[in-house]
1. So which lysines can LYS211 reach, going by Cα to Cα under 23 Å and dropping same-chain residues fewer than 8 places off?
2. When Lys and Arg each count +1 and Asp and Glu each count -1, what net charge do the other residues less than 12 Å away from ASP45, Cβ to Cβ, add up to?
3. From the backbone phi of region 215-227, what are the Karplus-calculated ³J(HN,Hα) couplings (6.51 cos²θ - 1.76 cosθ + 1.60, θ = phi - 60°) in whole Hz, Gly and Pro given as x?
4. In whole Hz and in residue order, list the ³J(HN,Hα) couplings for region 109-114 that follow from phi through the Karplus curve 6.51 cos²θ - 1.76 cosθ + 1.60, θ = phi - 60°; x for Gly and Pro.
5. What is the set of long-range amide H partners of ALA228 at a cut-off below 5 Å, with H atoms built 1.01 Å from backbone N?
6. Placing +1 on the Cβ of each Lys and Arg and -1 on the Cβ of each Asp and Glu in region 167-231, which of TYR227, VAL210, ALA198 has its Cα farthest towards the positive end of the resulting dipole?
7. Can you list residues from other chains, or at least 5 along the same chain, whose modelled amide H is less than 5 Å from the amide H of LEU180?
8. In nm, what is the difference between 0.36 nm times the number of residues separating VAL3 and ILE164 and their Cα-Cα distance?
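The values are calculated or read from the model by the stated rules, or taken from the named source; none is laboratory data. Treat the numbers as computed from the prediction; the structure is a model and nothing was measured. Note that each Cβ is placed from the backbone with ideal geometry, even for glycine, and that neighbours are counted across all protein chains shown. Side chains are part of the model used for accessible areas, which takes the heavy atoms of the whole protein and leaves out ligands, DNA and RNA. Shrake-Rupley method; radii C 1.70, N 1.55, O 1.52, S 1.80 Å.
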Amino acid sequence: MHVVLEVPVFRKCRIVRRLNRFVVEVEVEGSRERAHNTNTGRLVDVLVPGRSGFCTPLKRPGKTRFRLFAVEYGNGYAVIDTRLQEEAFAAAVDRGLLPWAAGCRVASRRPRLGSSFLDFLLECSGTRVYVETKSAVLMGPRGLAMYPDCPTERGRRHISELIIHAESGVRVALVFIAALPGARGFMPNRDGDPEIPALVRRAIEAGVMVKALGLDFDAERRGIRLYAPSLPVVLA
């Protein structure tokens, strides 16, 4: 297990309620505050009133003074901040911690491929791999992390475009980040969006590298921990 990304400044907080997609009311040191939430999933089993979490102060506070990045989940803390998930993924790649990306480095962020902007472009021993990451912060049966937790037109479009690029010979990867403690694998969530499981299966058949990894937040070590560099992807 490796801490791949330090979070140097944070404060303990408590979930009060979710106000809208991007704002969560929290209690920080006895004061009610508004915290920015970067994760647009429903997170109904994560953003539960009364649960503890961690917030980091914003450098330029406005309508919100904090960003909520981790929430108590099971026997640890889930990382709900999609920006930190991506940063942790990039750090894991550059440190050579992901078996499928050995010898790779992050060449650029938000690369354009066709009509889309993906998350990463990796340079891997002279070849290029375009990567799209998806946040899986929902625990399903058998300890399997799941994506999505609600219908996602954007997710369907991204996976469909990856399929097209893979069929044209471009090396592309779809990486599901199980950002919650103790995931044993990943499975597409039919209940969240009934089209996603079939799209993931089509992606694998088309040559898209479909991978999953496990992250959580370790408060004692003050950072995001990579506890599973490679998780099995379960389609059934």
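1. LYS134
2. Here the count lands on 0.
3. Whole-Hz 3J(HN,Hα) from phi for region 215-227: 10, 8, 9, 9, 5, 5, 8, 6, x, 8, 9, 8, 9.
4. 10, 6, x, 8, 9, x
5. Residues meeting the criterion, in which the H sits 1.01 Å from N, are GLY214.
6. Positive-end residue among those listed: TYR227.
7. Close amide H contacts, sequence-distant or interchain: VAL79, LEU215.
8. Gain on stretching VAL3 to ILE164: 54.4 nm.
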